[in-house]
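Take a look at the structure below.
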Amino acid sequence: MKKTLIYIALLLGTVFGTASCEAYLDKSPDLGLDESEIYKNYESIRGFLDEAYDHLYEWMYWHEGHHGQSPYMIPLCHTDEMASTRTSSNFIANYFNLGDWYYATNTSQSRRYKWEIGIVSYTLDGISYTPIVVHCYRALRIVNRVIANIDQVKEITDEQKDWILGQAYFYRAWYYFELIKRWGGMPKLDRVFNGGDDNIPRMTYRESSEWMRSDLEKAIEMLPDAWPEDEWCKPDKAAAMAVKAEALLYEASPLFQNGLDATVLQEYDKEICREAAKAAKDVLDYIAACPEARRALQDAGNGTDMDKYKNIFYLETRTDFTHPEYLWWVRHKQTVSAQDRAARFMKLMELSSQTGAVAQQTPMPTYTITKYFERKGPDGYYYPISDPKSGYVEGEWSSFQDRDPRLYNAVLLPGERWGSRQGVPYYISTWRGGSGYTLNTSNTNNNRGFSGFLVKKYLWWETGSYWKSTSSDQTGSDLHSLKSFYIRVSEMYLNFAEAVFEATGDPFNTEFGMSPVEALNILRRRVGVTDIQPPYTDASNFRDTYRRERTVELVFEDHRWIDIRRWMIFDEVFPTETPLEGVVWEIDQTLASTEVSAQNSEIYASYHGDPGEEDDVKQLGRSKLTFHYTVTPMSAEVRAYRTSDNRCYLYPFQGNELASLSNLKQNPGW
């Protein structure tokens, strides 16, 4: 039985290896299989359906990218969150960020392989690279077969049938959602295609989303509150409710009010916003009333226990496979080697103990994104840094003190204690003249720019073999667990705030059981940030307020790219083709020339942090080193998405797809 199901999975991979319509929709394949094995009983149909789970987009899994670039980096480097520092083989910089997304044939350069816009799978050095659209079509093929043939299963109870169908409807909605939020409305992919029946019209986004939500409604009715421990990863009722809430908010957003003929700035659909608000609140009410669902907003003691907040993003132990704040996530346990390699692409070269492409961090957080994080002013309240009450002075070290604690969870600053190597403290050396700065800026593979910031959100200091005596020792990467998660409980508060405000125009409206202002304040309070202060609670400012809060809370979580697009704010975020900024840090202390290396504990003994700032047990915290900085344009970071026809808000259908499906109308501008 197991061999039969594996063979089916392998055949599906082969069938979809070309870019034709037949390959996508898998019409009338001669599988040569005894399909009665698939439909023998509950266990066999469950095993077949589980193949759909394996097609989930794992953005925190290194091998899913291209030439080692984790997909985690790809959408982030399309936005203002990250700069893509890698020089060689940089698809992000050389094609995508230039708006060069369309190719006419299957052989048009290597772009056809790429994650976001590619349509062809390929293998390099024994590793399979598969674009997201191919994963989606393969999974849709599987679930449509299950839905069509469930009545053929001989040994299955009514409850088990609901579990199977509930998952199948969920997966069909999810993978379809992955398509429409990139390409816009799609044909209705609701059956197994058999040839001659592929002349199906493309629907608008609204029509596509409505059909998708009908699947989610079925899933919500059929799925259990919780799965047994060994299956605690499959979509359950909370996951289906959360996806429905997110889908409604997207459906109500400006971009997706467009039809198929033009892409222009639209207003929110207020009625759909009301549905989205109710759906988000339904999720929050459900998890509060149903302890079996095992979901909750993680408490962080009003900012006094940020370790709990930190462990949302990498789990506390290697054996942990989920977190209460995850509403929908992937359980897969990465190998230690995979976690180690994923970490390398987020770290300074000198911390990786490697050379060449695998030694360099590809994504670097920008100064641009740090400006969304508020600062605590002299009066004790937090304000946007553009407000004089925040006390923010560009260029001064004080401007990076007393910031929203989520900034310190997200990025590493120069002079920050970052563990030890064989008992010798290490301090982040990203200032001009520091060893980390010098090595990275002099590397020919990594000289597109240096933003001055490093990713911290998904790292613990022991990751990477630098901390050990040999370059092959990866045991530090085995201390925690990284998971790809799609929706957190906190997003429901953010979705609620956006939906209620856009439906009513009132930041204090409570008709849905909570006001938009209160929803945002709940998230702020847990990390020790004060409630939103006037005038940022005013209706005239509140759209900026909730979008700023969303950007901060979900930073580096693969939300920013779709948010920028659905809000249609390219002009605001990318006012020029090179809109991103970094900083060059200069150290305030006078160090002797022999004191540049950040690994020398004797040199930094006098700059060891004060008690409460630097924790010798955790080997983390802030030293006494101080800096000033100069803001610099990251001129290599092009974001050429602004066009008169707004074509870059939606991805193009590629030439092969258009040739295969006669009714597949191209997106405007392409």
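No lab work stands behind these numbers, since they all come straight from the coordinates. Here the structure is a predicted model, which is why all the values come from computation and not from measurement. When we count neighbours, we look across all protein chains shown, and the Cβ atoms used for this are built from the backbone with ideal geometry, even at glycine.
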Which of Lys40/Lys188; Lys389/Lys624; Lys40/Lys234; Lys234/Lys281 have a Cα-Cα distance over 24 Å? Lys40/Lys188; Lys389/Lys624
Can you give the convex hull volume of the alpha carbon atoms of the stretch 509-551 per residue, in Å³? 69 Å³
Can you give me the pair-distance distribution of the stretch 523-593, C-alpha pairs, 5 Å bins, whole percents? 3, 11, 15, 18, 16, 15, 9, 6, 5, 2, 1, 0
Taking 543-553, 148-158 and ranking on average Cβ neighbours within 10 Å, highest first, one gets 543-553, 148-158
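Could you tell me the convex hull volume per residue, in Å³, taken over the Cα atoms of the stretch 170-292?
Details: hull volume 13.8 nm³, N = 123.
Cα-based convex hull of the stretch 170-292, divided per residue, equals 112 Å³.
Starting from the Kirkwood Rh over alpha-carbon pairs, what translational D in µm² s⁻¹ does the stretch 275-321 have by Stokes-Einstein at 10 °C and 1.306 mPa s? Before the final figure, lay out each step's value.
Values: Rh = 12.6 Å.
Here the translational diffusion coefficient equals 126 µm²/s.
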Rounded to whole Å, give me the distance from the Cα center of the stretch 294-309 to that of the stretch 210-241. 26 Å
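The stretch 471-545: Rg/Rh from Cα coordinates, Kirkwood Rh? Each step should come with its number before you reach the end.
Details: Rg = 17.9 Å, Rh = 14.5 Å.
So for the stretch 471-545, dividing Rg by the Kirkwood Rh gives 1.24.
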